[in-house]
Amino acid sequence: MDSHAVIKTWVVSYTDGLYLRACTAVSDKAIAEDLVQETFIAAFQSFDKFRSESSPQTWLFAILNNKINDHYRSKQKASIVSKDTTFFGYFFDEHGHWRESECPKEWSDADLHLLDNSEFKNTLQKCRGNLPGHWDMVLQLKYIDQRDGKEICQDLNISPSNFWQLMHRAKLQLRKCLELHWFNK
Amino acid sequence: MKRLVNILMLSCQKATELIEKEQYFGLSTLEKLRLRVHLTICDFCTRYKQQSRFLHDVLGHHSHDHATNVNESLKEKIINQIENL
C-alpha cells in the first residue's frame, strides 16, 4: 500500500480516539478538529519516519500530543472547568435564586417518543452543537458508552467535582436551548 | 434554630448542582436532606429535576448518532485533504 492508502485506513480507524483526546485537551471543537487534521497531515508528510514495528496508534497519539503542547505553548493552559461566574450569573441572581426570566417552565409532552421525531432530533443536535467542545465530550463519554462517572474522571484527569460541575453547566445550557427552540417555541 | 435553617437552606444554583451530582455520584446523607427540603419548597427546582432526568434519558439514546455524525464528517474532510497533498 502506498502512504496515501495507509493514512486513509488510519483516518478511518483512529480519528475517533484522537478527536476525543484533542477535545479533552482543548476546550473548542473547531480547534480539536484542526489538531486532529494537522496530526494526520504531519503523519503523512513524515511517513517515511514511521517504523512499522511500532503501532500507528502510539505514533499518531505522540504527534497529536506534540500538537496539543504547541497549541498551549502560545496560550496559557485553560482549566477544563473555568471558574467564571458569568455563566451562572445568567441563570441565577446574586443569592443563587433563579432569575425570573430563567425559571424552568413547564414542558408539555417531554417524553422519549420525541426521539422518533426528526425535527426534535435536529433541535437537540443544534443545541449540543452550541455547547463548548469539552462539555459535549463529557456528555458523549458518559452517554455513548454508558460509562461510570469515576472512570471518565480518570480518563480526563479531572476530579469528580469538576465532572458534575461540567454536567451541571452542560445541562443548564442544554435545557435552556431546548426550552427556547422546542418546548416553548 | 437559625443555624439549623442555615444548614438546610440551599440556593437554587446549589440545589441544581446537587441534582446533577446525585445522578452521577450519589449524595451524602446531609446533601440528600438539604436537597429534599429545598425541593419541597421550590417548584422550579422540582421542575428542573424532572427535566434533567428527561435530558439524561434523551442523551442516553441520542449520543451515539451524534458522535458518529461529527466524526464521519471529520474523517471525510481529512481524507479529502490528504488526497490533495
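Coordinate-derived values only; no laboratory data. What you see is a predicted model, and the numbers here were worked out from it, not measured in a lab. Every residue, glycine as well, gets a Cβ built from its backbone with ideal geometry; the counts of neighbours run over all protein chains shown.
Among the Cys residues of chain B, which have no other cysteine Cβ under 4.7 angstrom away?
B:12
Could you please report the charge total around residue A:23, scoring K, R as +1 and D, E as -1 over all other residues with beta-carbon less than 10 angstrom from its beta-carbon?
After counting each charged neighbour, the total is -1.
When only alpha-carbon atoms are used, what values of Rg and Dmax, in angstrom, describe segment B:2-83?
20.1, 71
Mind listing the long-range amide H neighbours of residue A:92? Cut-off is under 5 Å, sequence gap 5 or more, other chains count too, H placed in the peptide plane at 1.01 Å from N.
A:99
Where nothing but the Cβ of Lys and Arg (+1) and of Asp and Glu (-1) is charged, how large is the charge dipole of segment B:2-83 around its Cα centre, in debye to the nearest 20?
That gives a dipole near 780 debye.
On a 21 Å Cα-Cα criterion, which of the cross-link pairs A:121/B:14; A:29/A:171; A:29/A:67; A:121/A:176 come out too long?
A:121/B:14
In Å³ and rounded to a whole number, note down the convex hull volume per residue for the Cα atoms of the protein assembly as shown.
Hull volume normalised by residue count: 153 Å³.
Using Cα springs under 10 Å in a Gaussian network model of chain A, which residue among A:130, A:117, A:65 shows the largest mean-square fluctuation?
A:117
Unpartnered cysteines of chain A (Cβ-Cβ under 4.7 Å counts as a partner)?
Those would be A:23, A:103, A:153, since no other cysteine Cβ in chain A comes under 4.7 Å of theirs.
Name the residue farthest towards the positive end of the dipole of segment A:86-183 from the options A:141, A:158, A:101, assuming +1 on Cβ of Lys and Arg, -1 on Cβ of Asp and Glu, about the Cα centre.
With unit charges placed on the Cβ atoms, the residue in question is A:158.
Can you tell me how segment A:86-183 classifies by the Cα gyration tensor, rounded, prolate or oblate, using a/c under 1.5 as the rounded cut?
Verdict is oblate for segment A:86-183.
Longest exposed-loop-site-free stretch of chain A, with GluC sites (Glu not before Pro), DSSP loop and at most 16 other Cβ within 10 Å?
A:107-185
Is there a quick way to get the dipole size of chain A? I mean about its Cα centre, with the Cβ of Lys and Arg at +1 and of Asp and Glu at -1; what is the value in debye to the nearest 20?
Charge dipole of chain A: 380 debye, to the nearest 20.
Out of A:133, A:89, A:149, any idea which swings most in a Gaussian network model of chain A, alpha carbons joined below 10 Å?
A:89
Just counting partner chain Cβ atoms within 10 Å, what average do the residues of peptide B:46-52 show around their Cβ?
5
Using the alpha-carbon centroid of each, what span in Å lies between segment A:1-75 and segment A:84-137?
So the separation of the two Cα centres works out to 33 Å.
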